[in-house]
Amino acid sequence: MSNSDLLASVSRLASDGWIPKDELIRLLACEEKDVRETLRSRAEAVRRKYYGTDVYIRGLIEISNYCRNNCLYCGIRRGNTKAGRYRLGKEEILACCDRGYELGFRTFVMQGGEDVCYTDDFLEDLIREQKRRYPDCAVTLSLGERSRESYERLYRAGADRYLLRQEAVNPGLYGSLHPKEMSLANRLRCLADLKEIGYQVGCGFMVGAPGQTLDHIAEDLEYMRELKPQMIGIGPFLPHKDTPLGKEPAGSLALTLVLLSIIRLMLPAVLLPATTALGTITQRGREMGILAGANVVMPNLSPQEAKDQYILYDNKLRSGAEAAEGLAVLKRSMEAIGYQVVVSRGDCADYANGEERS
Ligand code: SAH
């Protein structure tokens with residue numbers, strides 16, 4: 001395919017929100033500077049149309065690194081006996097929110113391993129208290145696979161959003177990244193349930209996960225196009241030394257940026273974070289993500305103990321602009337590229353906020 005063909009694909013992607021899979025794969029494979037720059041600038045323009053130059057912030061609270069799962073890539077997998085474990089209680093979590101609210105956060109994301117100690121009763125009580133203290137804030141959960149009934153209860157308690165990356169919709173790839181007892185069907189069931197219940201839903205995958213091909217990525221893009229999630233989280237795979245995939249190479253920065261732009265053109269109003277993994281793989285990764293079409297950053301509000309132990313991959317960034325205390329640094333870095341951090345719940349532009357709730 002010539003550059004002009006690829007540029008035509010970019011234009012079609014921008015106008016139709018989609019191009020055939022073979023074109024998509026060629027675009028993913030293309031390393032030509034002018035094609036990549038055209039893709040990036042079209043994505044940035046769409047992002048500005050929907051969100052201006054606003055950058056939404058989410059206060060990330062890593063509530064526990066106990067996990068019953070054993071995903072082959074993840075540093076907090078059950079089988080990693082070298083990981084020191086911790087779990088935050090209700091008051092510790094609320095203290096993070098208090099601090100975050102003061103700093104200007106209006107969304108709290110509670111993320112963790114699949115820790116069986118977080119029962120529905122515990123979480124309902126916590127979410128109700130969060131919504132009582134901060135009625136102007138969104139509560140986002142990222143606690144893995146649960147039953148439909150559990151998702152319903154947490155939604156009724158007031159949770160607004162749920163992040164659950166599908167990781168890979170190709171059964172072969174999914175199977176090579178996860179232990180036998182985990183199932184792709186259940187993961188997709190969870191995402192369908194969450195969407196149906198009324199959550200703003202986030203899905204996504206790691207770029208450059210071991211064994212992942214461009215074809216696999218195109219399959220994930222097709223899945224996401226059909227699901228129409230309100231949020232998509234992607235970041236490069238980064239190895240963790242105490243996992244079975246610890247010697248595999250990291251995913252590519254450039255491909256991650258290309259994907260952020262493609263996703264922005266595919267789902268123009270989607271909430272798209274420049275993730276911690278992107279900030280970790282290179283110094284200015286976060287800024288590059290914003291310039292490629294991302295509109296969200298998620299500084300870490302967790303207590304130091306949690307930051308030191310919630311280690312999904314080696315060298316995970318946990319200071320500077322990545323930490324909530326570093327908000328001033330983050331603000332300056334966004335201003336330096338022409339964007340500004342705003343105090344807002346930052347809902348998805350095409351989601352009827354509040355109105356769909358029962
Ligand atoms: N237990 C929750 C939260 C998982 S951590 C859940 O299952 O959804 C959030 C995300 O971090 C995961 O979905 C995964 O895509 C990403 N992640 C885990 N290990 C990683 C690694 N080694 N490199 C890059 N990203 C990783």
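No value in this document is a laboratory result; all are computed from the given coordinates. Here the structure is a predicted model, which is why all the values come from computation and not from measurement. Cβ: placed from backbone, ideal geometry, glycine included. Neighbour counts: every protein chain shown.
Using R0 = 41 Å, the C-beta based FRET efficiency linking residue 252 and residue 156 works out to 0.50. One quarter of the convex hull surface built on the alpha carbon atoms of the chain amounts to 16.1 nm², the projected area averaged over directions. Considering only 278, 88, 330, the mean-square fluctuation computed in a Gaussian network model of the chain, springs between alpha carbons under 10 angstrom, is largest for 88.
Each of the GluC sites (Glu not before Pro) that DSSP puts in a loop and that has at most 13 other Cβ atoms within 10 Å breaks the chain; the longest unbroken stretch is 182-354. Taking 74, 348, 117 in turn, the Gaussian network model of the chain (Cα-Cα springs below 10 Å) assigns the largest fluctuation to 117. Distance from the C-alpha centroid of the range 1-77 to that of the range 290-327: 20 Å, rounded to the whole angstrom. Global size of the range 295-345: 12.2, 34 Å for Rg and Dmax (C-alpha atoms, Rg to one decimal, Dmax whole). Normalised by the number of residues in the chain, the mean separation of alpha-carbon contacts (under 8 Å, six or more apart) gives a relative contact order of 24 percent.
Taking the chain as a Gaussian network of alpha-carbon nodes connected by springs under 10 Å, the highest mean-square fluctuation of the residues 183, 142, 344 belongs to 183.
Full extension of the segment from residue 305 to residue 228, taken as 0.36 nm per residue of separation minus the current Cα-Cα distance, would add 24.1 nm. Once the Cα atoms are used to define both axes, helix 148-157 deviates from the longest principal axis of the chain by about 70 degrees.
Here the label points at residue 329 and residue 128, each 7 Å from Cα along the C-beta direction, are separated by 4.0 nm in the simple model. A straight chain from residue 31 to residue 196 at 0.36 nm per residue would run longer than the Cα-Cα distance by 55.5 nm. Here the spin labels are modelled as points 7 Å beyond Cα on the Cα-Cβ line, and at residue 344 and residue 282 they lie 2.8 nm apart.
Quick one: angle between helix 184-197 and the longest Cα principal axis of the chain, in degrees between 0 and 90, rounded to 10, please. For helix 184-197, the angle is close to 80 degrees.
Normalised by the number of residues in the range 53-211, the mean separation of alpha-carbon contacts (under 8 Å, six or more apart) gives a relative contact order of 22 percent.
Would you compute, from DSSP H runs of 4+ residues alone, the mean residue ellipticity of the chain at 222 nm, taking -39500 (n - 2.57) per run and dividing by the full residue count, rounded to the nearest 500?
Numbers: 14 runs with 157 residues, N = 358.
Rounded to the nearest 500, it is -13500 deg cm²/dmol.
Each Cα pair under 8 Å and six or more residues apart adds its sequence gap; the mean of these over the residue count of the range 60-110 is a relative contact order of 44 percent.
Once the Cα-Cα distance is subtracted from the 0.36 nm per residue extended length, the residue 314 to residue 2 segment shows a gain of 108.4 nm.
Relative to the longest principal axis of the C-alpha atoms of the chain, give the angle of the C-alpha long axis of helix 120-133, reported between 0 and 90° and rounded to the nearest 10°. Roughly 80 degrees, rounded to the nearest 10.
Calculated FRET efficiency, residue 241 and residue 121, Cβ-Cβ r, R0 35 Å, to nearest 0.05?
For R0 = 35 Å, the calculated efficiency reads 0.40.
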